[in-house]
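Q: Below are the structure tokens for one structure; questions will follow.
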Amino acid sequence: MPPLPEDSPPLIGENDHDTAVRRLQDAYTEGLISHEELDERLHHVLTAKAQNELVSALASLPEEHPGTTSTIAAAGGRIQRRGVWRVPRILKVESAFGRVRLDLSRAVIEHPVVDIELQLGTGRAKITVPRDAVVDVEGLRTGWKDLRYKARRHSRPGGPKIRISGAMGFGRLKIRHARR
């Protein structure tokens with residue numbers, strides 16, 4: 001492979017593309033850009049080869065806040081969040097063994113979209129979302145057992161969108177809406 005000229009712009013990787021796509025989707029979800037603008041910018045992001053092309057596709061979007069990602073990890077045992085707690089924009093939960101319980105029913109959710117990324121080996125996981133939340137589980141891969149989630153028939157507008165993604169090995173994930 002011939003060496004790159006020293007003045008060539010830095011190339012971008014798959015993670016750079018994924019991050020840019022997520023930022024554009026978030027901007028659309030939050031009403032910052034129109035559907036047509038989303039399509040146009042996504043085309044630029046997905047065909048970009050250099051960092052400066054990504055920068056121009058993301059121009060005019062608000063900067064991401066670095067403190068909006070949090071990771072909870074445990075090799076074994078229990079991971080639990082309940083009561084009043086502040087939910088970050090992106091919550092990563094990693095557990096090789098053990099149980100995970102996230103209760104967002106009384107949590108402080110400051111973002112219109114919350115991404116929960118699960119990396120779970122074995123054990124059970126239970127996520128309770130606010131009554132008016134819209135849940136998206138399309139990015140979740142389950143291994144041995146299927147996901148248990150029944151979408152609400154009628155959600156009031158204005159609730160947060162909870163996107164759950166990642167991978168589960170041999171455990172079961174149960175998602176339910178809070179009753180109040």
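Q: Tell me, what are the semi-axes, in whole angstrom and largest first, of the equivalent ellipsoid of the chain as set by the roots of 5 times the Cα gyration tensor eigenvalues? Provide the component values of the computation, followed by the final result.
A: Numbers: eigenvalues 216, 91, 41 Å².
Here the semi-axes work out to 33, 21, 14 Å.
Q: Also, I was wondering about something else. Binned at 10 Å from 0, what are the whole-percent values of the Cα-Cα distance distribution for segment 14-57, short to long?
A: Reading the bins upward from 0: 32, 58, 11.
Q: Can you compute the modelled spin-label distance between GLU40 and GLN80, with each label point 7 Å from Cα toward Cβ, in nm?
A: Result: 5.2 nm between the two label points.
Q: Return the long-range amide H neighbours of LYS92 (sequence gap of 5 or more, or a different chain), with a cut-off of under 5 Å between placed amide H atoms.
A: So LYS92 has HN proximity to SER70, THR71, ILE72, GLU117.
Q: In nm, to one decimal, how far is the SER70 label point from the ASP132 one, both placed 7 Å along Cα→Cβ?
A: Label-label distance for SER70 and ASP132, simple model: 2.2 nm.
Q: Mark the label point 7 Å from the Cα of ARG106 along Cα→Cβ and return the residues of segment 118-146 whose backbone N is within less than 16 Å of it.
A: Within reach of a label on ARG106, which here means backbone N under 16 Å from a point 7 Å along Cα→Cβ, segment 118-146 contributes 128-131.
Q: Please list, in order along segment 41-50, the HN-Hα scalar couplings obtained from phi with the Karplus expression 6.51 cos²θ - 1.76 cosθ + 1.60 (θ = phi - 60°), rounded to whole Hz, x for Gly and Pro.
A: 5, 4, 4, 4, 5, 6, 9, 5, 10, 10
Q: Here's another thing I want to ask about it. All other residues with a Cβ under 14 Å from the Cβ of ALA48 taken together, and with Lys, Arg as +1 and Asp, Glu as -1, what is their net charge? Intermediate values should be presented prior to the final figure.
A: Working: positive: ARG23, ARG41, LYS49; negative: GLU14, ASP16, ASP18, GLU40, GLU53.
That works out to -2.
Q: Could I ask something else about it? What does the highest-first list of 55-61, 92-98 look like by mean Cβ count within 10 Å?
A: On the way: 55-61: 13.4, 92-98: 18.0.
Final packing ranking: 92-98, 55-61.
Q: If amide H atoms are built 1.01 Å from N in the plane of the peptide, which residues on other chains or at least 5 residues away come under 5 Å of the amide H of VAL134?
A: Answer set, sorted by chain and number: LYS161, ILE162.
Q: Can you show me the helix-derived [θ] at 222 nm for the chain, built from DSSP H runs with n ≥ 4 at -39,500 (n - 2.57) apiece and divided by the number of residues, rounded to the nearest 500.
A: On the way: 3 runs with 36 residues, N = 180.
Per the formula, -6000 deg cm²/dmol.
Q: Compute the angle between helix 14-29 and the longest alpha-carbon principal axis of the chain, please, reported from 0 to 90 degrees and rounded to the nearest 10.
A: It works out to around 70 degrees.
Q: In segment 14-57, if the dipole is taken from +1 on Lys/Arg beta carbons and -1 on Asp/Glu beta carbons about the Cα centre, which of SER34, ALA20, ALA50 is farthest to the positive end?
A: The residue sitting most towards the positive pole is ALA50.
Q: Scaled to the compact-protein estimate 2.2 N^0.38 Å, what is the alpha-carbon radius of gyration of segment 96-180, rounded to two decimal places? Please list the in-between numbers first.
A: On the way: Rg = 12.5 Å, N = 85, 2.2 N^0.38 = 11.9 Å.
For segment 96-180, the normalised Cα radius of gyration is 1.05.
Q: Based on the Cβ-Cβ distance from ARG152 to ALA96, what FRET efficiency comes out when R0 is 35 Å, to the nearest 0.05? Walk me through the numbers on the way to the answer.
A: Values: r = 32 Å, r/R0 = 0.92.
FRET efficiency, ARG152 to ALA96: 0.65.
Q: Right, here's the next one. Using θ = phi - 60° and the Karplus form 6.51 cos²θ - 1.76 cosθ + 1.60, what ³J(HN,Hα) does each residue of segment 163-180 get, whole Hz, x for Gly and Pro?
A: With the stated coefficients, segment 163-180 comes to 9, 10, 9, x, 9, 10, x, 10, x, 10, 10, 10, 10, 9, 8, 5, 7, 10 Hz.
Q: What's the magnitude of the charge dipole for segment 69-177 around its Cα centre, counting Lys and Arg as +1 and Asp and Glu as -1 at the beta-carbon? Answer in Debye, nearest 20. Write down the numbers at each step before the final one.
A: Numbers: 24 positive and 9 negative charges, 114 e Å.
Dipole of segment 69-177, to the nearest 20 debye: 540 debye.
Q: Subtract the Cα-Cα distance of ARG124 and ARG176 from 0.36 nm times their separation in residues, and report this length gain in nm to one decimal.
A: Values: separation 52, 0.36 × 52 = 18.72 nm, distance 1.39 nm.
Between ARG124 and ARG176, full extension yields 17.3 nm more.
Q: Which one, ALA75, GLY123, VAL87, projects farthest toward the positive side of the charge dipole computed for segment 69-177 from Cβ point charges (K/R +1, D/E -1)?
A: GLY123
Q: Once both labels are modelled 7 Å past Cα along the beta-carbon direction, what's the GLN25-SER56 spacing in nm?
A: 2.5
No value in this document is a laboratory result; all are computed from the given coordinates. Predicted model only: the values in this text are computed from it and were never measured. Because the Cβ atoms are built from the backbone with ideal geometry, glycine has one as well, and the counts that use them run over all protein chains shown.
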